[in-house]
1. Within the group ALA59, ALA24, which residue is under 19 Å from VAL221 (Cβ atoms) and surrounded by 13 or more Cβ atoms within 10 Å (Cβ to Cβ)?
2. Hey, among the residues in the stretch 132-171 that are under 13 Å from the mean Cα position of the chain (by Cα) and among the polar types (S, T, N, Q), which one's nearest to VAL188 (Cα to Cα)?
3. Just to be sure, is ALA89 over 30 Å from ILE226 (Cβ atoms), at pLDDT below 95 and exposed (fewer than 15 other Cβ atoms within 10 Å of the Cβ)?
4. What are the pairs with Cβ atoms under 7 angstrom where one residue, in the stretch 128-146, is in contact (Cβ under 8 Å) with a residue 40 or more places away in the chain and the other, located anywhere, is assigned to a helix (DSSP H, G or I) and charged (D, E, K, R)? Sequence gap at least six, or different chains.
5. Quick check on the stretch 181-198: of everything there that is modelled with pLDDT of 95 or more and part of a helix (DSSP H, G or I), which residue is surrounded by the fewest Cβ atoms within 10 Å (Cβ to Cβ)?
6. Against the definition (modelled with pLDDT of 95 or more, of a type outside the set (A, V, I, L, M, F, W, C), touching a strand residue (DSSP E or B) at 6+ places or on another chain (Cβ under 6 Å) and part of a helix (DSSP H, G or I)), how does GLU220 come out, yes or no?
7. For THR23, work out the one condition from (1) in contact with a helix residue (DSSP H, G or I) (Cβ under 9 Å, 6 or more places away or on another chain); (2) modelled with pLDDT of 95 or more it doesn't fulfil.
8. For ALA59, indicate whether it is among the hydrophobic types (A, V, I, L, M, F, W, C) and modelled with pLDDT under 95.
Amino acid sequence: MIEATGVGWRYGANPVIDGVSITAEPGRVLGLIGPNGSGKTTLLRLLYGALKSPTGRVAVDGDPLSTLSAREAARRMAVVVQESGGETALTVAEMVLLGRGPHLSTFQRTGRDDHEVTARCLARVGATHLAARTFGGLSGGERQRVLIARALAQQATHLLLDEPTNHLDIRYQHEILRLVRGLGTCAVVVLHDLNLAARYCDDLVLLGGGGVVAAGPAGEVLDPRILEPVYGIGIRRLDIEGSPHLLFHPIDLSHPTDEECAA
């Protein structure tokens, strides 16, 4: 479980988020959604300690993040950020092996067990055949699989991902998120696509105006009455086989609404 209580961050004089409190539950996928500039990535960075909130606190399984060493934090939380390691000359196997770092002492070299973990993680993401390839030569979808394999190699109990579907075609978007959902770990993922969030997230936090607009089960948060004022676009919701599907349309401000005409 990851809990943030009253956290905030500002860039210069501009507050991005203020007094935000959220909880990511064990075994569930929590999606962070909201329009551009609403603070999704900022909040994610606060959750794993890349940013230090001047207010409130972040706790991992009840332990304040501020009390954990970098090594202990890495054993508990694995992070997949955007465009990571694109220019490296490392092979895929070497890239995934880096995930074993938190389990090694300062001068300890990787051993047989570490290589076995690496092989299992590559197999889990369907990337065994890529092991000898250079990471920099992979496609976007292949890179994301490898980065998730590296995160899995940390054997952390929490997984945090910043827009893992960014720049991927529709097939890889679904494959990556289906993989994350199937891990059965506590996961926090930043997403732009609300329909992907509806399909693969158990819970959602909608950010806007510097705070949390709504939080709870995905089906409750994805209510057009909640979403439309935040995104500034018309939304129609269809429930297909028990899963929400959202259709979007511009709001025509040049014509009065039926409610306005009746007033």
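1. The unique qualifying residue is ALA24.
2. In this case the residue turns out to be THR165.
3. Considered against the rule, which asks whether it is over 30 Å from ILE226 (Cβ atoms), at pLDDT below 95 and exposed (fewer than 15 other Cβ atoms within 10 Å of the Cβ), ALA89 comes out as yes.
4. Every condition considered, the pairs that remain are PHE135/ARG143.
5. By that ranking, first place goes to ASN195.
6. When the stated conditions are applied, GLU220 does not pass them.
7. (1)
8. So ALA59 does not fit the description; no.
The values are calculated or read from the model by the stated rules, or taken from the named source; none is laboratory data. The structure displayed is predicted, hence computed values, not measured ones. Because the Cβ atoms are built from the backbone with ideal geometry, glycine has one as well, and the counts that use them run over all protein chains shown.
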